[in-house]
Amino acid sequence: MIDLHTHCLFSDGELVPAEHLRRVEILGYQAIAITDHADHSNLDFIIPRIAAAAAKLNPHSKTRLLAGIELTHVPPELFAELTDQARRLGAEIVVGHGETVMEPVKPGTNRAAILAGVDILAHPGLLNREDAQLAAQKGVFLELSGRKGHSLTNGHVAALARQVGARLVINADAHGPGDFLTASMAEIVGLGAGLSTAEYKQVRANMAELVKRATPA
């Protein structure tokens with residue numbers, strides 16, 4: 001198990017990083033990214049602290065903690081700037097908060113996040129075909145969400161990704177201890193979105209690739 005979109009108390013999550021990591025370690029996770037919500041106001045506060053926590057905790061855990069960030073409700077015009085800044089600050093996984101049907105995300109955010117080169121476009125809602133094709137070309141992974149509400153468009157995203165060759169990930173968007181996905185529930189999210197068993201296995205491989213990409217040489 002790998003999850004690359006979760007939140008701790010540095011934004012709207014419930015747990016400190018140490019408990020966050022321990023909760024998924026006992027579930028048998030290989031890796032987890034903490035990707036708290038950020039914009040210009042708190043980016044430089046969150047990323048260094050998650051990175052510092054990961055440096056201290058990883059030697060003592062079977063699960064690898066990755067320092068990430070979720071750029072949230074950022075104006076499309078500022079996405080590239082913030083994505084670059086996040087990487088300079090040490091973000092190993094950059095998530096773009098996509099145009100979920102559950103929130104008033106500014107139109108054009110999906111495309112801006114893809115063009116900025118985020119790693120994952122989270123809960124992209126009623127993603128259009130052109131942006132899905134762009135994600136495929138840019139190597140941006142599209143998320144199937146395990147979170148209530150955001151998951152409403154999983155079937156649409158999965159079908160569109162299949163059509164254009166975009167790659168998928170499955171994340172919990174966990175905010176508290178009851179949100180983490182077990183292996184069986186993650187599979188249900190994938191199969192429930194219309195993936196075949198083979199496609200679900202590819203999703204797991206995609207997530208392992210992202211973790212490997214974040215691993216220092």
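The values are calculated or read from the model by the stated rules, or taken from the named source; none is laboratory data. Treat the numbers as computed from the prediction; the structure is a model and nothing was measured. Here the Cβ positions follow ideal geometry from the backbone for every residue, glycine too, while neighbour counts run over all protein chains shown. Areas reflect the complete protein model, heavy atoms only, side chains present, ligands, DNA and RNA absent. Shrake-Rupley method; radii C 1.70, N 1.55, O 1.52, S 1.80 Å.
Quote to one decimal, in nm, the extra length available between A159 and F45 on full extension: 0.36 nm per residue of separation minus the C-alpha distance between them. Walk me through the numbers before you get to the answer.
Numbers: separation 114, 0.36 × 114 = 41.04 nm, distance 3.76 nm.
Additional length available on full extension: 37.3 nm.
Starting from the Cα-Cα distance between E81 and R213, subtract it from 0.36 nm times their residue separation and give me the gain in nm to one decimal. Don't jump to the answer; show the numbers that get you there.
Values: separation 132, 0.36 × 132 = 47.52 nm, distance 2.16 nm.
This chain segment gains 45.4 nm when fully extended.
Give, rounded to the nearest 20 debye, the magnitude of the charge dipole that the chain has about its Cα centre when Lys and Arg contribute +1 at Cβ and Asp and Glu contribute -1 at Cβ. Provide the component values of the computation, followed by the final result.
Working: 20 positive and 24 negative charges, 135 e Å.
That gives the chain a dipole magnitude of about 640 debye.
So what is the relative contact order for segment 53-158, in percent, with contacts set as C-alpha pairs under 8 Å and at least six apart? Numbers along the way, then the final one.
Details: 179 pairs, mean separation 23.2, N = 106.
It comes to 22 percent, rounded to a whole number.
Return, for the Cα atoms of segment 5-81, the radius of gyration and Dmax in Å, separated by a comma.
Gyration radius and largest Cα-Cα distance of segment 5-81: 12.9, 41 Å.
Could you work out how far apart the two model spin labels at L27 and L152 are, taking each label as a point 7 Å from the Cα in the direction of the beta carbon, and quote it in nm?
2.4
Which of rounded, prolate, oblate describes segment 134-217, given a ≥ b ≥ c as roots of the alpha-carbon gyration tensor eigenvalues and a/c under 1.5 marking rounded, otherwise prolate only if a/b is larger than b/c?
On the way: a/c = 1.58, a/b = 1.10, b/c = 1.44.
Since a/c reaches 1.5 but b/c is at least a/b, the shape of segment 134-217 is classed as oblate.
Based on the alpha carbon coordinates of segment 1-129, what radius of gyration and maximum Cα-Cα distance (Dmax) apply, in Å?
Every Cα atom of segment 1-129 included, Rg and Dmax give 14.4, 44 Å.
What is the pair-distance distribution P(r) of segment 108-171, computed from all Cα-Cα distances in 10 Å bins starting at 0, with each bin given as a whole percent?
Spelled out bin by bin, segment 108-171 gives 26, 61, 13 percent.
One quarter of the convex hull surface, Cα atoms only: what value does that give for segment 173-214 in nm²? All intermediate terms of the calculation are to be shown ahead of the outcome.
Numbers: hull surface 14.2 nm².
Seen from a random direction, the Cα hull of segment 173-214 projects 3.5 nm² on average.
Counting only protein heavy atoms and a 1.4 Å probe, tell me what percentage of segment 82-203's accessible area is made up of carbon and sulfur. Please report the intermediate quantities before stating the final value.
Values: 2590 of 4950 Å².
Using a 1.4 Å probe with all protein chains present, segment 82-203 comes out at 52 percent carbon and sulfur.
Tell me which lysines have Cα within less than 19 Å of K201's Cα, excluding those fewer than 8 residues away on the same chain?
Straight-line reach from K201, under 19 Å: K212.
Mind checking which lysines have their C-alpha under 22 Å from K106, skipping anything on the same chain fewer than 8 residues away?
List returned: K138, K148.
Which residues' amide hydrogens lie under 5 Å from the amide hydrogen of R167, considering only partners 5 or more residues apart or on another chain, with H built in the peptide plane?
L142
For every other residue with a beta carbon closer than 11 angstrom to the beta carbon of N154, add +1 if it is Lys or Arg and -1 if Asp or Glu, then tell me the sum.
On the way: positive: R147; negative: E143.
Around N154, the surrounding residues sum to 0.
Taking 8 Å as the Cα distance limit and 6 or more residues as the minimum spacing, I'd like the relative contact order of the chain as a percentage.
Details: 449 pairs, mean separation 40.5, N = 217.
It rounds to 19 percent for the chain.
So how far apart, in nm, are the two label points at H60 and L191 if each is 7 Å from Cα heading toward Cβ?
Between H60 and L191, the label points sit 3.9 nm apart.
What Kirkwood hydrodynamic radius, in Å, does the chain give when the mean of 1/r is taken over all pairs of distinct Cα atoms and then inverted? Each step should come with its number before you reach the end.
Numbers: mean 1/r = 0.0596 Å⁻¹.
After inverting the pairwise mean of 1/r, the radius is 16.8 Å.
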